[in-house]
Amino acid sequence: MREFELVIDDHLKNGLTPFDLTPFNTPVLNECLGFRVGNAGLELYEELDNPIDPALSIEYVWPFPQFIVGERYNFLVVRSVVDLCDYVYIISNDHLTTTLIATIDIATYGQGTLMEVADFGEYAFLTNGVVMIYLNTTTGVWHTITSSPNIPRMRTVCNFKGQAVGGCIVSPWPAADPQCDGTYYAWSRIGMINFIPTLTNEEGYKRCPYGGEVYNVRRLKDVVIGYSSKGIT
């Protein structure tokens with residue numbers, strides 16, 4: 001007597017079922033361990049090496065570590081409960097090389113939120129509400145600052161077609177009248193991290209129309225979405 005055979009080629013190509021109750025004889029998988037669904041079907045799990053040097057002995061605390069994949073730079077932010085510091089690294093694309101670019105200790109700067117990145121490819125601007133980190137493209141050196149006459153310190157920022165758009169202003173900003181606070185959005189000059197309003201009418205700031213504290217800004221195709229405590233703009 002011939003043994004029962006079940007060919008599952010189509011099952012592997014289609015991956016996991018999209019149904020709560022899978023119809024009979026549908027070539028999909030109900031459960032799959034050790035794989036992930038890719039464009040061409042199921043893909044094997046690839047184990048990556050920990051990019052952090054084990055000698056650093058860093059303890060993690062939720063929601064860190066934070067890994068941000070950029071166009072040119074990949075950032076890893078680790079919060080140590082031992083050193084009471086946030087460490088910001090650049091990680092190579094092969095995950096084998098780490099470069100420390102900033103150490104943010106709570107005693108000096110206070111405790112920030114999750115790191116936000118405005119990624120411009122060759123240039124990147126980061127902020128977590130207590131510090132701002134930027135790359136000097138001439139020297140190749142990363143700088144950590146807490147204030148700038150041209151840039152209000154904010155908690156969230158993104159790149160919108162070469163223009164930085166941010167929200168939740170947490171530092172005094174002499175260029176603004178009236179003064180901005182956590183309920184404000186701000187946007188920079190196109191092609192430059194300069195938020196001071198000028199006659200070019202590119203830079204500016206505006207209070208959230210709902211009056212809520214701004215949590216996040218994100219680009220969505222041809223617009224920027226602002227998420228606040230009282231609504232989405």
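Quick one: dipole size for the range 156-233, taken about the Cα centre, charges +1 on Lys/Arg Cβ and -1 on Asp/Glu Cβ, in debye to the nearest 20.
Numbers: 8 positive and 6 negative charges, 60 e Å.
Approximately 280 debye in magnitude.
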Which residues among the range 149-181 fall inside the zone where the amide N is under 20 Å from a point 7 Å beyond the Cα of THR198, along Cα→Cβ?
149-153, 160-166, 173-177
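Once Rh is set to the Kirkwood radius over Cα pairs, what Stokes-Einstein translational diffusion coefficient, in µm²/s, holds for the range 125-193 at a temperature of 4 °C and a viscosity of 1.567 mPa s?
Values: Rh = 12.4 Å.
Using the Kirkwood radius from Cα pairs, D works out to 105 µm²/s.
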Which of SER171, SER148, SER188 moves the most in a Gaussian network model of the chain with Cα springs under 10 Å?
SER148
Given [x] 200; [y] 165; [z] 219, which label gives volume of the Cα convex hull per residue in Å³ as computed from the coordinates?
[x]
Cβ-placed point charges (K, R +1; D, E -1), dipole of the chain about Cα centre in debye, nearest 20:
1100
Per DSSP, loop trypsin sites (Lys or Arg not before Pro) in the range 133-233 with at most 14 further Cβ within 10 Å:
LYS161, LYS221, LYS230
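Could you state the orientation-averaged shadow area of the convex hull built on the Cα atoms of the range 147-233, in nm² to one decimal?
Numbers: hull surface 20.4 nm².
For the range 147-233, the mean projected area of the Cα convex hull comes to 5.1 nm².
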Where Rh is the Kirkwood radius over the Cα pairs of the range 49-165, the temperature 37 °C and the viscosity 0.692 mPa s, what D in µm²/s does Stokes-Einstein return?
224
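If you rank PHE19, PHE160 by fewest surrounding Cβ atoms within 10 Å, what's the result? Don't jump to the answer; show the numbers that get you there.
Working: PHE19 10, PHE160 19.
Going from least to most buried by this count: PHE19, PHE160.
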Along the chain, longest interval not containing exposed GluC sites (Glu not before Pro), exposed being DSSP loop plus at most 16 other Cβ atoms within 10 Å
123-201
Positive end of the dipole of the chain, charges at C-beta (+1 Lys, Arg; -1 Asp, Glu), about the Cα centre: which of GLY15, GLY191, TYR109 has its Cα farthest in that direction?
GLY191
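Express the relative contact order of the chain as a whole percentage, based on alpha carbon pairs under 8 Å and six or more residues apart in sequence.
Working: 471 pairs, mean separation 20.9, N = 233.
Relative contact order comes out at 9 percent.
Coordinate-derived values only; no laboratory data. Since this is a predicted model, take the numbers as computed values, not measurements. Note that we place each Cβ from the backbone using ideal geometry, even for glycine, and neighbour counts take in every protein chain shown.
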